[in-house]
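Visitor: The structure that follows is given in the form of structure tokens.
Rule-based calculations on the coordinates, nothing more; no lab input. As the structure is a computational prediction, the values presented were derived from the model and not from experiment. Every residue, glycine among them, receives a Cβ derived from its backbone with ideal geometry; neighbour counts consider all protein chains shown.
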Amino acid sequence: MSTRSILHVDMDAFFVSVELRRRPELHGQPVVVGGTGARGVVAAASYEARRFGIHSAMPSVRARRLCPQLVFLAGDHELYSQVSSDVHKIFQTFTPYIEPLSLDEAFLDVTGATRLLGTAPQIAHNIRERIWQQLALRCSVGVAPNKFLAKLASVAAKPKATPAGVQAGSGVCEVKHGAELEFLHPLPVQAIWGVGPATLKRLSGFGVRTVRDLAELERDSLIAAVGKSHGAHLHQLAWGVDERPVEVGRMVKSIGHEETFATDRHSHDELQRELVRLADGVAARLRAQGKAARTLTLKVRFADFDTITRATTLPAPISTAHAIVAAATPLLLALDPTPGVRLLGISASQFVDPPEEQLTLEDIDQVAGGGDREWDAAEQTIDAIRSRFGNAAIGPASAVEGAGLRLVRRGAQQWGPDQGPAS
């Protein structure tokens with residue numbers, strides 16, 4: 001197999017950097033995008049904020065304790081999605097082989113572009129320059145023969161936040177073919193994908209501290225410690241082996257919304273109203289992507305942070321909020337909310353394309369009688385109204401709050417609820 005040239009492009013402090021374009025006076029200050037409430041979390045932190053030990057997913061209350069002068073900015077997921085699209089348009093001028101991982105990172109296979117556009121490191125530098133010139137944003141790029149090493153290389157290329165200050169990164173880090181182990185083996189073992197706290201604890205029992213230690217561990221011992229599949233996978237990665245291709249047009253595997261409440265919900269009636277709102281958001285996204293789902297998963301986090309999921313697989317695919325609520329309600333009613341529920345979520349998966357069917361006389365009777373097909377027509381009308389007048393033009397009655405609608409917004413719960421009392 002010929003050597004591949006894979007890039008991993010990772011935007012630097014993406015959410016914060018996008019916000020600083022419209023708040024340039026905050027450059028150089030500790031800034032986070034996150035929820036301001038008692039249950040808010042940090043979604044992204046500037047490198048100046050990271051100097052204080054602040055990181056994404058940290059509770060906002062703790063972040064404020066670490067840095068009292070911290071500046072909180074509200075998140076804007078729609079804006080970040082648009083800027084991410086702009087970044088990907090730049091990627092497409094270099095290669096069609098792009099695998100998005102999230103809004104702020106992607107793999108690019110530039111193997112076929114090197115004859116025309118220069119070496120892979122040159123392409124990486126040109127991508128960084130183009131993004132800076134056109135979007136005023138910084139990114140870090142890892143260059144390697146495979147995806148695993150490219151992602152590790154992008155981490156090595158990033159700026160570093162230390163108590164003494166922010167150290168500029170190299171911007172581009174290349175792992176050359178033939179030098180993979182020289183780069184990989186000195187790294188701590190937790191740098192490897194799949195080495196979380198539980199696996200790290202097991203490996204520590206064998207004296208494994210670095211990737212080199214892991215590579216030198218007998219394969220059979222590794223499998224005995226963490227399982228056959230996981231052990232075989234870790235053994236390959238420890239030797240820098242990763243044959244996965246860049247997956248162009250990678251499909252979304254699930255669509256969901258979840259919400260952390262400012263105060264706990266204690267009754268099925270309260271949770272049912274929230275479920276209707278969440279189902280409306282999920283159904284709208286399903287239809288926007290031309291998909292229907294066979295499996296629904298309900299997620300509930302209680303006041304003590306105990307989290308459970310319950311799933312149901314349906315005999316026929318669905319794409320309406322009415323059908324999602326009908327299928328998820330029995331799952332919800334089977335749970336006892338009286339200890340207090342702090343988070344509720346619903347997600348749809350196992351996608352299929354909605355079937356195109358010719359109506360029978362029975363179907364026509366069902367539409368007239370208020371069956372599922374009538375709901376299909378009703379929610380398609382809702383989509384049309386929102387397309388013309390905006391998402392806030394129409395929504396479920398349970399979303400009415402004051403003079404407006406409290407609709408589900410994609411990505412809004414990455415940072416938790418805003419100011420509100422804790423329970």
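Visitor: Please go through the range 40-72 and give me each residue that is buried (at least 22 other Cβ atoms within 10 Å of the Cβ), within 22 Å of the chain's Cα centre (by Cα) and either over 21 Å from V9 (Cα atoms) or among the aliphatic types (A, V, I, L, M) (or both), ordered by number.
Guide: G40, V41, V42, A43, A44, A45, A49, I54, S60, A63
Visitor: Across the range 301-317, what is the total count of residues that are of a type in the set (A, V, I, L, M) and out of contact with any strand residue (DSSP E or B) (no Cβ under 6 Å at 6 or more places or on another chain)? Spell out how you get there, then give the answer.
Guide: We begin by selecting, within the range 301-317, every residue of a type in the set (A, V, I, L, M); these are 303, 308, 311, 314, 316.
Now narrow it down to the ones that are out of contact with any strand residue (DSSP E or B) (no Cβ under 6 Å at 6 or more places or on another chain): 316.
Of the residues in that region, 1 qualify.
Visitor: What number goes with the only condition from (1) among the charged types (D, E, K, R); (2) farther than 28 Å from A334 by Cβ; (3) part of a helix (DSSP H, G or I) that E270 does not pass?
Guide: Only one criterion in (1) among the charged types (D, E, K, R); (2) farther than 28 Å from A334 by Cβ; (3) part of a helix (DSSP H, G or I) is unmet by E270, namely (2).
Visitor: Within the range 112-159, work out how many residues are more than 28 Å from L237 (Cβ to Cβ) and in contact with a Cys (Cβ under 7 Å, 6 or more places away or on another chain).
Guide: Summing the residues that are more than 28 Å from L237 (Cβ to Cβ) and in contact with a Cys (Cβ under 7 Å, 6 or more places away or on another chain) in the range 112-159 gives 1.
Visitor: Suppose we filter the range 305-334 for residues that are surrounded by 15 or more Cβ atoms within 10 Å (Cβ to Cβ) and assigned to a loop (DSSP other than H, G, I, E, B); how many remain? Talk me through it step by step, then tell me what you get.
Guide: From the range 305-334, those surrounded by 15 or more Cβ atoms within 10 Å (Cβ to Cβ) are 310, 314, 317-329, 331-332; that's our starting set.
From what's left, assigned to a loop (DSSP other than H, G, I, E, B): 319-320.
Within the range 305-334, residues that are surrounded by 15 or more Cβ atoms within 10 Å (Cβ to Cβ) and assigned to a loop (DSSP other than H, G, I, E, B) number 2.
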